[in-house]
Amino acid sequence: MRIIALDVGDKTIGIAVSDELGWTAQGIEVIRRRGEANDFQRLSEIIETYQADTILIGLPKNMNGTIGPRGELVQQFAEKVRAMFVAQKIVLWDERLSTVGAERALIAADVSRAKRRKVIDKMAAVFILQGYLDSLTHQHLP
């Protein structure tokens with residue numbers, strides 16, 4: 001089974017998915033937020049398409065580890081996801097600096113500013129998911 005990762009923002013939700021072995025993350029889409037019903041409809045379609053058994057939601061924390069207003073909004077969103085997708089495991093994952101990392105990777109790849117704006121949320125979801133997958137790998141090492 002696969003893991004779907006979400007980078008939840010006010011205007012967009014970046015989506016990434018793991019490969020079937022759970023080794024790598026790849027960005028698949030950016031949902032333009034147009035109301036909760038539309039957001040959850042598209043999210044449901046993605047979960048069904050990829051047969052995801054886990055939904056990983058990036059939790060923005062302050063640098064000192066506390067939860068601020070943005071984190072509280074994501075926690076509320078996660079509760080709605082938990083209520084709607086009862087068959088999936090819901091995991092909140094510390095996403096500090098994921099957008100910064102994604103931005104740096106895109107700049108290093110010489111992606112134009114206009115193009116970066118279009119894919120940054122998807123890339124942030126990739127960074128969130130890859131960090132989670134790497135942590136799972138390290139847990140299983142001797």
(message) Can you pull out every residue in region 23-57 that is over 19 Å from Ala124 (Cβ atoms) and assigned to a strand (DSSP E or B)?
(response) Asp53
(request) Output yes when any residue across region 97-106 is farther than 15 Å from Lys11 by Cα, in contact with a Ser or Thr (Cβ under 9 Å, 6 or more places away or on another chain), surrounded by 13 or more Cβ atoms within 10 Å (Cβ to Cβ) and of a type in the set (Ser, Thr, Tyr), and no when none is. (result) no
(message) When you check Arg34 against the structure, is it in contact with a strand residue (DSSP E or B) (Cβ under 6 Å, 6 or more places away or on another chain) and surrounded by fewer than 19 Cβ atoms within 10 Å (Cβ to Cβ), yes or no?
(response) no
(message) Just the residues that are among the basic types (Lys, Arg) and free of Cβ contacts under 8 Å to residues at least 12 places away in the same chain, please, taken from region 43-98.
(response) Arg70, Arg82
(message) From the list Val91, Val126, exactly one residue is assigned to a strand (DSSP E or B), modelled with pLDDT of 90 or more and among the aliphatic types (A, V, I, L, M). Which is it?
(response) Val91
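The values are calculated or read from the model by the stated rules, or taken from the named source; none is laboratory data. Since this is a predicted model, take the numbers as computed values, not measurements. For neighbour counting, all protein chains shown are included, and Cβ atoms are generated from backbone atoms with ideal geometry for every residue, glycine included.
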